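Structure first, commentary second.
Readers should treat all values here as calculations from the given coordinates under stated rules, not as data from a laboratory. The structure displayed is predicted, hence computed values, not measured ones. A quick note on method: Cβ atoms are made from the backbone with ideal geometry, for glycine too, and the neighbour counts reach across all protein chains shown.
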Amino acid sequence: VAGLWTVFTLGGVGSKASPQLERCSPLANQSLLLLLVLANLTDAPDTPNPYRQAIITAFSSSNPHAFQINFNSLYTALCEQQKSDQATLLLYTLLHQNSNVRTYVLARTDIENLV
């Protein structure tokens, strides 16, 4: 699957998760890939993509069904994994789809760690 992911990213020359990361947490890596595929499916004509909707409303204090997450831990993990296409796409998706994540990241004083 990692080889297939590499083919989809920049014609096979894109970066990929480090071999150490893939060996340490293959379930996490595969789960992230599945989440990204599901969240980026196109909407049906009469129904929005429920996975994309979940990402948009996740971490919302106004949503009683939203799950709680430590934004600092999420930010730190994303900073550590920015050499991976999967982590970069997750960051992109969260920044563009979720206003709570975007507000938190923009409020950080150490944004150069992410960039």
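The table below lists the values:
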| item | result |
| --- | --- |
| From phi via Karplus (6.51, -1.76, 1.60), per-residue ³J(HN,Hα) for the stretch 99-111 in Hz, x at Gly/Pro | 5, 5, 5, 4, 4, 5, 5, 5, 7, 5, 8, 10, 5 |
| Two-site label geometry, Ser73 and Ala107: point separation in nm, points 7 Å out along Cα→Cβ | 1.9 |
| Karplus 3J(HN,Hα) series, Hz, for the stretch 80-89 with 6.51 cos²θ - 1.76 cosθ + 1.60 (x for Gly, Pro) | 5, 10, 5, 7, 9, 4, 4, 5, 5, 5 |
| Gain on full stretching of the segment that runs from Glu80 to Ser60 - 0.36 nm per residue minus C-alpha separation | 4.8 nm |
| Cα→Cβ-extended label distance, 7 Å offset, between Val37 and Leu114, nm | 2.8 |
| Sequence ranges 88-101, 36-49, ranked by mean other-Cβ count within 10 angstrom, highest first | 88-101, 36-49 |
